[in-house]
Structures are given as structure tokens and as C-alpha cells.
1. Being under 28 Å from residue 23 (Cβ atoms) and either outside any strand (DSSP E or B) or touching a residue at least 40 places away in the same chain (Cβ under 8 Å) (or both) is the filter here, so list the residues in segment 44-67 that pass it.
2. Could you list, in sequence order, the residues of segment 75-96 that are modelled with pLDDT of 95 or more and within 12 Å of the chain's Cα centre (by Cα)?
3. If you take the residues of segment 97-109 that are open to solvent by 70 Å² or more (accessible area, probe 1.4 Å) and closer than 29 Å to residue 4 by Cβ, which of them is nearest to the chain's Cα centre (by Cα)?
4. Taking the conditions exactly as written (of a type outside the set (A, V, I, L, M, F, W, C) and without any contact (Cβ under 8 Å) to a residue 12 or more places away in the chain), does residue 31 satisfy them or not?
5. What is the residue count in segment 68-96 for residues that are open to solvent by 30 Å² or more (accessible area, probe 1.4 Å) and assigned to a strand (DSSP E or B)?
6. Here's a check for you: in segment 38-67, which residue that is among the β-branched types (Val, Ile, Thr) and open to solvent by 60 Å² or more (accessible area, probe 1.4 Å) is modelled with the lowest pLDDT?
7. Criterion first (closer than 27 Å to residue 108 by Cα and not small (Gly, Ala, Ser)) does residue 19 satisfy it?
8. Could we say that residue 12 is in a strand (DSSP E or B), at pLDDT 95 or above, on the phi < 0 side of the Ramachandran plot and in contact with a strand residue (DSSP E or B) (Cβ under 9 Å, 6 or more places away or on another chain) here?
Amino acid sequence: MKDNQFDKGIKYEIFVGIKDKDMYQEILNVNDFKKILTEICTENKIGFSLLTQLGGYTHGKGYTTETSLRVVIIGVDEKEIMILAERLKKEVNTDTVLITKTEIEYNFI
């Protein structure tokens, strides 16, 4: 890649709340999630960034907030993203995860 030249690619973001779907409590903490994510991504050689944030939503028992983790991945096949998201959903025992897909331009400098 030449200096100041951007490549085109796809950025995926996987949003995972860590509130257990059965107990409606945060059983896992952020460090537990980091360990799970790092293990999966190391095993599959997936580069990622992880951001911690607060999320809120309405469900069958009303409105709630929870620790929400955003996994940002660039340059991975969509099939791998779906497999990763399903595995995270199962490991955390959450109802849903949100996946976004955005066309981007990027440059490592």
C-alpha cells in the first residue's frame, strides 16, 4: 500500500450485551467476555477491537440497561462473522446480538 492511499473494505460490528437471558443479570463481567473473545479470535486468527459501552432496550419484562460490548472487525469473511456472533451469543447466554456491516475505506499508517 502506498502512503496516504486507502483500501476499500467491510467493517463489521457485533454488539453483545452481557446480561444473561434467563436470569436478567450480568453473570459474566467484561474480563470474562474478553477472555472468551480472545480465545475464539486467536483460534480463528481474527483481528479485532473491543469497546465497552452501556446499552438500553425494552424486552418482555420492561426496560433495562446493561454493559454492552462492541466487537469491531475489518477484513473478515461474512461467514466467519456470523459464526463468531453465534458463538458469542451462546457463550454469553444472551437473547440476541446485533451485527452491522459498513463499507469503509481504511489505511494503516
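1. Applying the first criterion (under 28 Å from residue 23 (Cβ atoms)) to segment 44-67 yields 48, 50-67.
Correct list: 48, 55, 57, 60, 61, 64, 66, 67.
2. 81, 82, 83, 84, 85, 86, 87, 88, 89, 92
3. Step one: of segment 97-109, the residues open to solvent by 70 Å² or more (accessible area, probe 1.4 Å) are 98, 101, 103, 105, 108-109.
In the following step, the residues that additionally are closer than 29 Å to residue 4 by Cβ were identified as 101, 103, 105, 108-109.
Working: 101: 12, 103: 17, 105: 20, 108: 22, 109: 25 Å.
For segment 97-109, the residue satisfying everything is 101.
4. Values: of a type outside the set (A, V, I, L, M, F, W, C): yes; without any contact (Cβ under 8 Å) to a residue 12 or more places away in the chain: yes.
Taking the combined requirement at face value, the residue satisfies it.
5. To start, the set of residues in segment 68-96 that are open to solvent by 30 Å² or more (accessible area, probe 1.4 Å) comprises 70, 74-75, 77-80, 82-83, 86-87, 89-91, 93, 95-96.
Right, trim to assigned to a strand (DSSP E or B) and you get 70, 74.
So the count comes out to 2.
6. Of the residues in segment 38-67, the ones among the β-branched types (Val, Ile, Thr) are 38, 40, 42, 46, 52, 58, 64-65, 67.
Narrowing further to those that are open to solvent by 60 Å² or more (accessible area, probe 1.4 Å): 38, 42, 52, 58, 65.
Details: 38: 97, 42: 97, 52: 97, 58: 89, 65: 94.
It comes out as 58.
7. On the way: closer than 27 Å to residue 108 by Cα: no; not small (Gly, Ala, Ser): yes.
No: the conditions fail for residue 19.
8. Working: in a strand (DSSP E or B): yes; at pLDDT 95 or above: yes; on the phi < 0 side of the Ramachandran plot: yes; in contact with a strand residue (DSSP E or B) (Cβ under 9 Å, 6 or more places away or on another chain): yes.
Here the answer is yes, as residue 12 does meet what is asked.
The values are calculated or read from the model by the stated rules, or taken from the named source; none is laboratory data. No experiment lies behind these values; they were computed from the predicted model shown. Backbone-built Cβ (ideal geometry, glycine too); neighbour counts: all protein chains shown. Note: areas computed on protein heavy atoms with side chains; ligands, DNA, RNA excluded. Shrake-Rupley method; radii C 1.70, N 1.55, O 1.52, S 1.80 Å.
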